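K.L.:
Pasting a structure below so you can have a look.
Since every read-out is calculated from the coordinates, none of them should be taken as a lab result. Owing to the predicted nature of the structure, the values given are computational and were not obtained by experimental measurement. FYI the Cβ positions are ideal-geometry reconstructions off the backbone, even for glycines, and counts take in every protein chain you see.
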Amino acid sequence: MAVASVLTERAIAGAVDADLRALDDPLTQASFTTFSQAQGGAREATSQFRVSGMYCAACAGLIETALQGVDGVLEARVHSATALALVRWDPLRTRASALVEAVRRAGYGAVPDAAASARAQREAEQRKALWRLFVAGFCMMQVMMYATPAYVSAPGDITPDMLSLLQWASWLLSLPVLLFSAGPFFSGAWNSLRHGRLGMDVPVSLGIAVTFIASSGATFDPGGIFGHEVYFDSLTMFVFFLLGGRWLELRARHRVALSLEAGTARLPDSVERVRADGGTERVAIARLAAGDRVRVAAGQAFPADGVLLEGRSLADEALLTGESEPVAKQPGDELVAGSLNLRAPVLMQVLRLGEDTRQAGIVALMRSALTQRPRLVQQAERFAGPFLWAVLALAAGAAAVWSVIEPSRALWVAVSVLIVTCPCALSLAAPSALLAATGALARRGVLLQRIEALEGLAGIDMVVFDKTGTLTRDRLELGETRVLGPGGDSDALLGRAASLAELSTHPASRALVAAAGDAARGPAWHEVEEVPGQGLEAAAADGTRWRLGRRAWVDAKLADSAEVPEGALCFGPAGDAQAAFVLREQLRDDALATIAELRAEGIQLALLSGDAPARAAALAQRLGITEVQGGATPADKLAAVAAWQAQGRRAAMVGDGLNDAPVLARADVSIAFAHGSAVARSGADVVLLGERLADVLVARRQARRTLSVIRQNLAWAALYNAACVPLALVGWLPPWAAGIGMASSSLLVVLNALRVAQLAPTPGQG
């Protein structure tokens, strides 16, 4: 039997080792690890893991310590609210399996953050947590039923034998709560103590253990040192309510994880690839390569980032950009991996796959943000350690004083102090609210690269905008049609010019086509030639050469004309312009409403643009922005923001271009559109995935709301302790009441934090 037992243990150990070794397979690592070149040319890896068994901020610190103790680990960040671990390590000095092994040795579970395994772990964690909560709740109700007669009956109504029987029944029903439901508290306390730290689970576990031991002593020997009072009802009630708070926090973490995986889950397992000979073949998505042509059926997700080659359809990009309305797609438009093809089959060309896709970048940004601990959380964690030592000292002092005043109550006063002062509410005050707010903004298409940006957003009193690509779209629109010759018809000239413009992909040509719509008609054009920097030239049926382009090129007489502004498109036979089309940049649909809302909230507004001063001033006047500077270089923009900051302004910068990168880095809060330059995005605190300028307003309001909720939570935790600790010290708060108070406090904090999981309505915004 002994030999068989040893062999079984060895087999299990071998299976575990094999499972860990599989993590070192390069193909397996590709799902949860990225590799990059560090300074000096060294190769480094960054891996994402989902951790189970964490119940407080101290747990995150323990896991970070365990990971940092592995030779070759360069950086380890663990976020308790999201159960995410991000580890940067040297592939030459350690392995992925060693990282998971270190977490397991610390007393926690870890799996690679690949969608399937992580989802399975979450489901198992959720089932176990629900079972713990159910057992605690069921036993609590039964124990309360047995304890009620002792509370409501008069002395002598219950015989000693019957009272002893009720106590024994309560003791038996408390065992599952102690041994199963309260398991996370004891394991968390043990992990903290063996690593030389003091987490919130320590006083909780101590209170539970002391309550059970003392109540058991009173049950076994009513005349002994523990007296005859039992508090099994307090014990079970305390565990149930505390598990209820942790259940709500667990659900919040899982909702964020599901939102991160939603886009990936949409990707098809296989796709229909078009071969060079025109035939098709069904291949796994992992077999695709850049340049491949793929047919995507209606109702199927686009498997990669690419461009539409054939067909017209609608794409649902809500999971990626927060846009609720489907986006029209035509040949030449960009397609995003994970978005749904809604209307008709299309042919696309693959440009980017896997980790290079926009969707993967979004998920990486979110994961990185959720592993950070903002300043508010760090402050709470720093306060929690000394607070716990003070709690233990206070409980010991209370026990010593009451052992002199009334020895029979000394133990219960100490237990009440331990339970009522447990800093669960304090530790949950900030993380739960920040997690809920981050998830809500992500669903809107607003990604926080740094969670502490919420603090900055809540305090800004000035917003500085770039012009092109920020307040305006990257396309033009027709502002005015001017007829230059006598007897001309503006609509007819626009339609004829648009029929020529259809033969070009230039932004100005596309603006004319869009303005003309179905009126784009005219004679057939021949010998079409596009002259770079000038415009289009073509021959009409009668051989006349017509031109559409710069005024001086179409008609030299208009070179210095005041009638036709510089930048307008002229149209007509060469040397005889008949119409001029004045184009202007297209404002974002919600620009006017957003600017008005920000101004109404007392925010100072400014416009900094590298465009011509006249154009910048005209746009600023159109929007009602008084602070404007055109022709600004990156250095000019940087100096302007620095000057405003020197005046005491807390400025947010909104931009999208490469020239905005320096000023984005200088601003108190930086906001960039995802379609902008990679440099601008990388330096931004907030990334807007959609095309809504109103998201700036939404993010600020959500930040202010989140900070308000955090302050409410902290105030409640302080008020609760200030009121209840004196009551416990003087013996007016029994353990059962302390348990209800502490658990209710934690529940209230979590429920209050969940209010920011829904974005506040934004008047006038979509």
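K.L.:
For Phe138, Phe241, Phe232, Phe673, what ranking results if the residue with the fewest other Cβ atoms within 10 Å of its Cβ goes first?
P.N.:
Phe138, Phe241, Phe673, Phe232
K.L.:
For Glu281 and Glu406, what is the calculated FRET efficiency with R₀ set at 56 Å and r taken between the beta-carbons, to the nearest 0.05?
P.N.:
0.05
K.L.:
Along Cα→Cβ, 7 Å out, is where each label goes; now give me the distance between the ones at Asp24 and Ala618 in nm to one decimal.
P.N.:
The modelled label-to-label distance comes out at 6.7 nm.
K.L.:
Let me ask something additional. Sorting Ile710, Ile419, Ile405, Ile451 on the 10 Å Cβ count, fewest up front, what's the list?
P.N.:
Details: Ile710 28, Ile419 33, Ile405 10, Ile451 25.
Going from sparsest to densest Cβ surroundings: Ile405, Ile451, Ile710, Ile419.
K.L.:
Follow-up. Would you mind counting up the charge near Gln167? Only other residues with Cβ under 14 Å from its Cβ, with Lys and Arg at +1 and Asp and Glu at -1.
P.N.:
Residues close to Gln167 contribute a combined charge of -4.
K.L.:
Now for a separate question. Would you please put 90-96, 491-497 in order of how densely packed they are, using the mean number of other Cβ atoms within 10 angstrom per residue and starting with the highest?
P.N.:
491-497, 90-96
K.L.:
What ranking of Tyr146, Tyr108, Tyr231, Tyr151 emerges when the number of other C-beta atoms within 10 Å of each C-beta is taken as an exposure proxy, fewest first?
P.N.:
Fewest-to-most Cβ neighbours within 10 Å comes out as Tyr151, Tyr146, Tyr108, Tyr231.
K.L.:
Could you work out the local net charge near Leu558, counting Lys and Arg as +1, Asp and Glu as -1, over the other residues with Cβ closer than 13 Å to its Cβ?
P.N.:
Summing Lys/Arg as +1 and Asp/Glu as -1 gives 0.
K.L.:
What is the range 485-577 by shape, rounded, prolate or oblate, if you read a ≥ b ≥ c off the alpha carbon gyration tensor as root eigenvalues and call it rounded for a/c under 1.5, prolate for a/b larger than b/c, and oblate otherwise? Numbers along the way, then the final one.
P.N.:
Working: a/c = 1.28, a/b = 1.24, b/c = 1.04.
Rounded, because the longest to shortest axis ratio a/c is under 1.5.
K.L.:
To the nearest 0.05, how large is the calculated FRET efficiency for Ala574 and Asp356 if R₀ is 45 Å and r is the Cβ-Cβ distance?
P.N.:
So the FRET efficiency works out to roughly 0.45.
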